[in-house]
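Some notes on the structure that comes next.
The values are calculated or read from the model by the stated rules, or taken from the named source; none is laboratory data. Not measured: the values here are computed from a predicted model. Note that each Cβ is placed from the backbone with ideal geometry, even for glycine, and that neighbours are counted across all protein chains shown. Just the protein is used for accessible areas: all its heavy atoms, side chains included, with ligands, DNA and RNA removed. Shrake-Rupley method; radii C 1.70, N 1.55, O 1.52, S 1.80 Å.
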Amino acid sequence: MKMEKYDLIILGGGPAGYTAADRASEGGMSVALFEGRSLGGTCLNEGCIPTKTMLYSAKLYEGALKSEPYGVKCGVATLDHGAVLKRKDKVVKILTAGVASKMKSRGVVVMSRRARVTGKTGDGYAVTDGVREYVGTRLLIATGSEAVIPPIPGTREGLESGHVITSKEALSAREIPPLLVVVGGGVIGLELACYFHAAGSRVTVVEMLDKIAGPAEADVSKILLGNLKKRGIEFRLGRHVTGIEPGKSVITEEEVIGADKVLLAIGRKPSFDGAGIENIGVRTAGGAIPTDERMRTNAPDVYAAGDVTGRVMLAHAAYREAEVAVNDMLDIPDAMRYDAIPSVIYTNPEVACVGETEESASAKGLSVKVVTLSMRYSGRYMAENEGGDGICKVVASSDDGRLLGVHMINNHAAEIIASAAMMIDLGRPASELRRLIFPHPTAGEIIREALFALE
Ligand code: NAI
């Protein structure tokens with residue numbers, strides 16, 4: 001049988017896979033991309049985009065409930081979960097179709113099947129999808145991640161019966177459970193807690209650490225906790241779930257919490273089962289595929305990008321990793337940097353962070369100065385956030401004045417943080433960055449304000 005030959009074969013059509021396909025074909029490579037589900041991966045189909053669509057409805061609804069201080073009376077506001085899901089499905093469909101159309105316009109051959117690497121031939125890497133054989137001069141492994149399922153008694157039975165769910169099922173759940181217990185107070189747990197609370201669930205978040213939002217800056221995490229508690233979400237911090245009684249409850253060391261549904265959100269892990277990487281000697285470590293700064297694995301001409309590398313499980317990191325991998329294939333000098341990757345939690349209010357916290361900087365032996373400003377310094381924040389308690393915290397090097405980190409909580413944070421990431425990436429001292437002009441009035445001006453306050 002004649003084999004189809006490509007310059008690049010990509011396994012996985014999520015943010016890493018489709019970005020690499022786009023850039024590689026733009027660079028003149030012939031590309032085949034294998035994806036067993038819809039293009040777009042977790043991000044588009046069951047992660048970032050569905051969550052943000054649903055959270056926007058929740059935000060509008062909560063805005064309507066709290067509109068009186070702004071002189072707006074809304075009558076009886078309701079949130080129609082069925083309509084929210086319908087709109088979410090529409091948005092996902094439009095965006096996944098957009099990715100498919102981009103691939104088509106670039107001439108990328110998209111195979112709607114999973115594929116497996118079977119070995120190395122004289123021509124390149126052999127790949128099969130069970131229907132045909134293919135050869136790729138280069139390979140990119142971009143097979144993503146999956147939810148971690150803990151070995152807590154009752155979990156497997158609960159998953160089988162549907163009493164225990166992961167974010168994937170939560171984002172298409174037709175019913176709103178009256179009692180929802182969320183295991184894990186990290187990004188997924190908090191975002192979904194916000195949605196289900198707005199949609200009518202009584203939500204309890206059980207988190208084993210004594211703070212929520214994992215690596216988020218301590219003050220920001222505290223303010224977020226206060227906001228979510230005030231809204232009515234309950235928290236059990238410093239507690240481990242020791243058992244799940246399917247259909248009934250979640251058991252911790254100290255109590256039994258009634259639960260119609262249990263949402264597991266204790267992290268994600270790289271996923272490459274069935275990709276056949278063992279057939280070509282790709283090394284794994286800690287359940288992930290490690291790479292160098294050019295996204296090369298230990299096997300020649302085999303690259304990895306996105307969640308499968310286990311480094312930063314964020315779609316925007318995956319985009320950049322994919323670009324770096326393709327640049328290396330095209331002999332364009334490039335390298336991946338992880339010090340200025342922003343992260344956002346789309347709770348209400350939002351949290352956005354980039355770079356070092358005071359703690360992480362001092363753990364690295366860096367001497368820093370820190371400024372914390374209330375968001376109330378921003379005219380636009382005051383105009384639009386009645387009673388808001390947002391902050392912006394800025395960390396800079398006390399040696400050379402470079403900006404090292406920005407951490408904020410406020411409902412404009414996700415859109416502002418990119419400017420802070422750019423400043424960190426530029427590596428220029430705060431005294432120079434102050435020359436940048438921000439539009440007024442904007443919430444983003446808080447960063448300029450903080451640059452002046454650093455002196
Ligand atoms: P996570 O790592 O953010 O949070 C998991 C939390 O579960 C941690 O706080 C951990 O202490 C806690 N935990 C672990 N085991 C536990 C146990 N047995 N009992 C109670 N608590 C326990 O993981 P999450 O939220 O599942 O998200 C997975 C990945 O998806 C993250 O890497 C995140 O970057 C990505 N993501 C990003 C989003 C965004 O950018 N807005 C949105 C959603 C996910």
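Worth pointing out:
- Average Cα contact separation per residue, the chain, under 8 Å, 6 or more apart, as relative contact order %: 14 percent
- Cut-off 15 Å, label 7 Å out along Cα→Cβ of Glu160, residues of the stretch 245-259 by amide N: 245-247
- Simple label model, 7 Å out from Cα along Cβ direction - Asp129 to Ala83, nm: 4.0 nm
- Theoretical FRET efficiency, 1/(1+(r/R0)^6), r = Cβ-Cβ of Lys93 and Arg435, R0 56 Å, to 0.05: 0.80
- Solvent-accessible area, 1.4 Å probe, carbon plus sulfur percent, for the stretch 349-453: 51 percent
- Taking only the C-alpha atoms of the chain, the Rg (one decimal) and the largest Cα-Cα distance, Dmax (whole number), read 23.3, 73 Å.
- Computed over the stretch 155-266, the range of Cα coordinates on each principal axis works out to 40, 29, 20 Å, biggest value leading.
- Unsatisfied cross-links (Cα-Cα over 19 Å) in the set Lys168/Lys261; Lys120/Lys269; Lys66/Lys168; Lys66/Lys211; Lys86/Lys229; Lys59/Lys248: Lys120/Lys269; Lys66/Lys168; Lys66/Lys211; Lys86/Lys229; Lys59/Lys248
- Each residue of the stretch 91-99 was assigned a 3J(HN,Hα) from its phi angle through the Karplus expression (A = 6.51, B = -1.76, C = 1.60, θ = phi - 60°), giving 4, 4, 4, 5, 6, 5, 5, x, 5 Hz with x at Gly and Pro.
- Segment Met208-Arg174, extension gain: residue separation times 0.36 nm, minus the distance between their alpha carbons: 9.3 nm
- Cα gyration tensor of the stretch 275-401 - equivalent ellipsoid semi-axes, whole Å, descending: 37, 18, 14
- Surface share of carbon and sulfur [accessible, 1.4 angstrom probe, percent] for the stretch 204-325: 49 percent
- Rounded to the nearest 5, the antiparallel percentage of DSSP beta bridges internal to the stretch 155-266 is 30%.
- Surface per residue (accessible, 1.4 Å probe) for the chain, Å²: 45 Å²
- Arg428/Asp389 FRET efficiency (R0 25 Å; Cβ-Cβ; nearest 0.05): 0.20
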